[in-house]
Amino acid sequence: MHIDHDRCLRAMRARDARFDGWFFTAVRTTGIYCRPSCPAITPKAANVEFHPSAASAQRAGFRACKRCRPDASPGSPEWDLRADTTARAVRLIADGVVDREGVAGLARQLGYSARQIERHLQAELGAGPLALARAHRAQTARILIETTSLPFGDIAFAAGFGSIRSFNDTVRTVFDVTPSELRGRSTCTTRSHGPAAGVVELRLPFRQPFTPDSLFGHLAATGVPGVEEWRDGAYRRTLRLPHGHAIVELRPRPDHVGCRLRLTDLRDLTAAVGRCRHLLDLDADPVAVDELLAGDPSLTDLVDQAPGRRIPRTVDAEEFAVRAVLGQQVSTAAARTHAARLVQTLGEPVEDPDGGLAHLFPSAEALAGVDPDTLAMPRSRRAALSGLVEAIAAGGLDLGPGADRDAARAALLALPGLGPWTVEVIAMRGLGDPDAFPATDLGVKLAAQQLGLPTTPAALLAHAARWRPWRAYAVQHLWGALDHDINVLPGTAPVEATDGTAA
C-alpha cells in the first residue's frame with residue numbers, strides 16, 4: 001500500500017479536509033477509523049495506522065467513526081487522474097459492476113484474470129474487489145436506512161446484499177450499531193415512504209473551494225429539452241441505469257450538493273450516486289489543480305477569481321459522444337436543437353411528477369437503426385453519427401467507467417468524421433480525463449487570444465504542457481474568460497451568449 005506515513009500524520013494533526021478520501025486514519029486503541037479531518041481528539045501517533053481505502057480499514061477490523069462518518073467523504077481524486085488498471089477497476093466497482101456481474105464480470109471488462117485484478121487492488125488499496133464492493137454496499141445501506149422508511153429486507157436487496165443476515169452483519173461490523181439503532185439515530189426529516197416512492201435524498205460532499213456557477217451554468221445552457229432542465233434553482237435530468245431509469249435533482253449548496261433521486265429500482269442507487277458525482281466532478285482536488293494552474297501568469301487572475309472550478313461531465317459517456325458529434329462546428333443552441341429532435345423521435349418516455357422531463361436520451365441501439373438521410377444535418381456529420389452509434393451498439397467502442405482512455409481515443413479517431421476536437425471533448429467530459437485538451441476549440445482559441453496566449457493549435461499545445469496533468473481544468477478557466485451563458489448560474493445575471501463552446 002502506497003501510504004506516506006509521515007505526510008498522513010501531518011494531515012491528521014492539521015485536520016486537513018483536503019485529504020478526506022485520500023486515506024483513512026485507524027486508531028488501534030479504539031478500533032475506529034476516521035477521516036483525516038475528524039474533529040475528535042487527535043490520537044497518539046503510536047496508536048494510529050493509515051489505510052488507502054475504507055474497505056482496507058474495515059477488512060482490518062476497524063469500525064467507521066460515528067462523528068466524522070468517513071464512508072461519506074469525497075472519493076480520492078487519484079482514480080480520475082490515473083488511467084491504469086487499478087483506477088479503471090475502482091471506477092467500475094463504484095458503478096456497481098461487482099454487485100451485478102461478480103468479480104468475473106469485473107475481470108472480463110478489464111481484460112485480466114480475476115487473480116490479477118485481486119493482486120492489483122490488494123497491492124494499492126489493501127482490499128480486493130469483494131471488500132471494496134462490500135464497503136460500497138454498506139454506504140448504500142446506510143443512506144437507505146437513514147433517508148427512507150423501507151423495511152430492512154427491501155434495503156438489503158436494494159443495497160446488493162445476498163441475504164438479510166449478511167446485511168445485518170455488515171451494518172453492525174462497519175458502523176457498530178444495528179440497522180434499527182442506525183435508523184433511530186438519524187436526523188433525516190424527509191424520508192420517503194414505501195418502495196413505490198423510490199425517492200432518496202442525500203448530500204454529495206466535495207472538497208473546498210467550489211465554484212458552482214460555470215459547472216451548473218454549463219449543464220443548464222447545454223441541456224437537451226425533455227432530458228435536462230433547470231427548475232427552481234436545481235439542475236434536473238433523466239438517467240438510464242442498469243435496472244431501470246431515474247430522475248435526479250442536483251442543487252448547489254455552500255458545503256455540499258443536494259441530491260434528490262427518484263428511482264424506479266432502488267438497486268440502482270449506488271450507480272446513480274456514482275454517476276452524479278462524476279457529472280459534477282465532485283472527487284476533484286481543487287487545491288492541487290489551482291496551485292499548478294495559478295503558477296502560469298496567464299491564468300493566475302482567472303484562478304483567483306473562480307477557485308475550485310469543476311469540469312461539467314456526463315452521466316453517460318455514450319450519450320455525450322453522440323451529443324459531441326451533434327455539436328461539431330455549430331453553436332450551443334444548434335447542438336441542443338439537433339439533440340432535442342432525436343430525443344422527441346427516439347427517446348424512451350418517462351413520467352416526471354415534479355417537472356418537465358419527458359424522455360431518456362436515445363440509446364446507441366435505437367440511434368443505430370435510424371436512416372441517416374432522415375437527419376437534418378450535413379452529410380459528413382450524418383456519416384460521423386452513424387459510424388459512432390454503430391460502433392457503440394456493436395460493442396467495438398468502450399466508453400464505460402472502466403474504459404481504457406488511450407484505446408478509446410484511438411477507436412474514436414479511427415471513426416469517420418471524428419477529429420481531434422471531438423475526441424478530446426469526449427475524453428474530457430465523457431471519459432473524465434483531467435488532462436484532455438481540445439486545442440482547436442473555438443472558445444479556447446478566443447480566450448487564448450484575449451489572454452495573449454498562442455492561438456495556433458501546435459503553439460497552444462506546447463504552452464499547455466505546463467498545465468499538465470490538469471489541462472482540462474485550464475479549459476474551464478479559458479471558457480470562463482468569455483461572456484457566455486455557460487459561465488452563469490441560471491437566475492443570477494443574464495449574459496449575452498457568444499458562440500464558441502458548443503460542447
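Please treat every number below as a calculation from the coordinates, not as lab data. If you're wondering where the values come from, they're calculated on a predicted model, not measured in any experiment. Positions of Cβ are generated from backbone atoms using ideal geometry, with glycine treated the same way; all protein chains shown enter the neighbour counts.
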Problem set entry | Whole-angstrom gap from the range 396-418 to the range 100-171, using each part's C-alpha centre | 29
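If R₀ is 51 angstrom, what is the calculated FRET efficiency for the pair residue 288 and residue 154, using the beta carbon separation as r and rounding to 0.05?
Details: r = 41 Å, r/R0 = 0.81.
That gives a FRET efficiency of 0.80.
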Exercise. Highest mean first, what order results for 313-324, 474-485 on Cβ atoms within 10 Å?
Worked result: 313-324, 474-485
For this session: Within 10 Å, count the other beta carbons around each residue, average over each peptide in 339-348, 382-391, and list them highest first.
Result: 382-391, 339-348
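Evaluated at 4 °C with a viscosity of 1.567 mPa s, what Stokes-Einstein diffusion coefficient in µm²/s does the chain have when Rh comes from the Kirkwood expression over alpha-carbon pairs?
Numbers: Rh = 23.5 Å.
Diffusion coefficient, whole number: 55 µm²/s.
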For this session: Multiply the residue gap between residue 10 and residue 172 by 0.36 nm, knock off their C-alpha separation, and tell me the result in nm, one decimal place.
Result: 55.2 nm
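Sort 44, 445, 66 so the one with the fewest other Cβ atoms within 10 Å of its own Cβ comes first.
On the way: 44 10, 445 20, 66 14.
Ascending Cβ contact count within 10 Å gives the list 44, 66, 445.
When the helices in the chain are scored as -39500 (n - 2.57) per DSSP H run of 4 or longer and the sum is shared across all residues, what 222 nm value do you end up with, to the nearest 500 deg cm²/dmol? Don't jump to the answer; show the numbers that get you there.
On the way: 23 runs with 229 residues, N = 503.
Mean residue ellipticity, 222 nm, calculated: -13500 deg cm²/dmol.
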Exercise. Got a sec? How would 173, 456 order by Cβ neighbour count within 10 Å, fewest to most?
Worked result: 456, 173
Seminar exercise, completed: Distance in nm between residue 406 and residue 232 label points, each 7 Å along Cα→Cβ, equals 4.9
Exercise. Label-point separation (nm) for residue 208 and residue 331, each offset 7 Å from Cα along Cα-to-Cβ?
Worked result: 4.0
For this session: Identify the residues of the range 463-495 with backbone N under 16 Å of a label point that sits 7 angstrom from the Cα of residue 301 along the Cα-to-Cβ direction, or state none.
Result: 477-483
For this session: Sticking with the crude label model, points 7 Å out along Cα→Cβ, report the distance from residue 180 to residue 243 in nm, one decimal please.
Result: 2.5
